[in-house]
Amino acid sequence: MTRTLREGSALRRGLGCAALGVALGLAGAPASAEGAVDDAAAAAARARVADTVERVLAVLRDPALSGDDKRARIEGLAYERFDFATISRLVLARNWRRMTPEQRAAFQEEFKRHLSLTYGGSVDRYRDEEVLLGATRVERNGDVTVRTRVEGDAVEPVFVDYRLRRREDAWLVIDVIIENVSLLQNFRTQTQELISNVGPEGLIEKLRSKNEARTAKGG
Amino acid sequence: MTRFGLGFLVASALVTGACFSPPPGPDGRVPPDPLEGSNRAVFAFNDSLDRWFFEPLADGWAFVTPKVLRTSLGKFFKNLGYPGRLVTNLLQAEFRQAGSETLRFATNTTVGVAGFFDPASRFGLGQYDEDFGQVFGRWGFGSGPFWMIPVAGPSNPREAWGLLFDTAFDPLTYLFLVDVPGVGFVSGVNERSLADPQVELARDAAVDLYVSVRDAYIQRREALIRDGRVMEDTAPDQPADDLYEIPEDEDGIE
């Protein structure tokens, strides 16, 4: 079932709002009857990523917004477009079972803040990069991975892949994979090690204090 | 610190018996990070060195040097690394990639004015960042334990050997020997300035920075060894599928 939709060329993304429509048009490559469902999923997920990228870039490039405004808006986008319930669950993996419902809820809340703050921090990291959409792939379990390339000062572009999962009517991001490094896997490793060293409470406390420090200094 | 200096450092560490295989743990499995204690100490040192020396230096460099020049300089040094990429592609029987690299080098060295520009990419000549660590991995050598090397950063015995060979094939090494010691240093600082957003992201996103760096390093190196064609614009090689599965024997509490 794993299929790759290859577009002839990467789609240059600017500020123009026509880009979303173009992305939808390009992604709807015809295929066999079996592939039609996949194609629809890929197109929907791709459109979601295209739209998110466009919105984030528009915020980052808006000269009328202050740094704090930008941060708040991007954090807002993160809240809307990441599937924090699934992410928390996958990050905790087996440890989920060993935690009380209160601990799970507390972890999810702090982790959500942590990720949103990190996403909002792109305000400080942004150096006029361009983001282009690349290939889209339907995974075996029905998730869709959308590849983007970030072109900035560095000699090579940075590949950032978004893995999305369908939740009711929306496609939500469950992993960000930067140059083959899955953040989900990365957080899982950190979480496992912290839980085995300081326990679930220690982990939650550590997240909480980091979040508070970052909120205090504005991201 | 130049590549040459790094190579020397790694060499002395390897020679003084740092090449070991850890004893299996009580459950019979090799512990994932047997050197964690000393690794963390070295990591703290490297991190401070970066924060107090390399990062300010890179920021200063970025301040006085136009972006275009820094990018071009990065391309120049990258182009210069061709011998190592040629050899490591050949050693993995990647002949098409070796050919592409050769045409790239010829194009960028001439039309691209000594490599400061990259017209080859526009002609569809891809770049294939192979190195000796990947060669050894492809040949089936185990990585050995994760090993944080002073100044050089995350590594393992396999990658450290790789770095030695990379250094031997790096023209900058010989520029150093013929008394142009500043070149490798400039290359390093320039690279650090171009990588600034990623370093910031790593520091921002980590709950435990050491573990995060270790995991990211291992994930990335393993992916490069599994499939060196990371530069191509296709969907990525995925980590193990179970990363994305919620175990079925549990009730979903959401």
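Just so it is clear, none of the values below were taken in a lab; they were calculated from the coordinates. Owing to the predicted nature of the structure, the values given are computational and were not obtained by experimental measurement. Don't worry about glycine lacking a Cβ; one is built from the backbone with ideal geometry, like all the others, and counts go over all protein chains shown.
Here are the numbers for the structure shown:
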item	result
Electrostatic dipole magnitude of region A:94-219 [Cβ: Lys, Arg +1; Asp, Glu -1; Cα centre; debye, to 20]	580
Between region B:92-135 and region A:34-68, the alpha-carbon center distance in angstrom	33
Karplus 3J(HN,Hα) series, Hz, for region B:100-106 with 6.51 cos²θ - 1.76 cosθ + 1.60 (x for Gly, Pro)	4, 4, 5, 5, 4, 4, 4
HN-Hα J in Hz across region A:174-187 - Karplus 6.51, -1.76, 1.60, θ = phi - 60°, x for Gly and Pro	10, 7, 10, 10, 9, 6, 6, 9, 7, 5, 4, 4, 4, 5
Residues with amide H under 5 Å from that of A:Ala93, placed H, sequence gap 5 or more	none
Amide hydrogen neighbours beyond the local backbone of B:Trp147, cut-off 5 Å, H modeled	B:Ser155, B:Asn156
J(HN,Hα) series, region B:190-202, from Karplus relation 6.51 cos²θ - 1.76 cosθ + 1.60, nearest Hz, glycine and proline x	4, 4, 4, 5, 6, 8, 3, x, 5, 5, 4, 4, 4
Lysines whose Cα lies under 24 Å from that of B:Lys78, excluding same-chain neighbours fewer than 8 positions away	B:Lys67
Qualifying lysines (Cα of each under 25 Å from Cα of A:Lys206; at least 8 residues distant if same chain)	A:Lys112, A:Lys217
For A:Ile178, distant residues with modelled amide H under 5 Å away	A:Asp161, A:Leu183
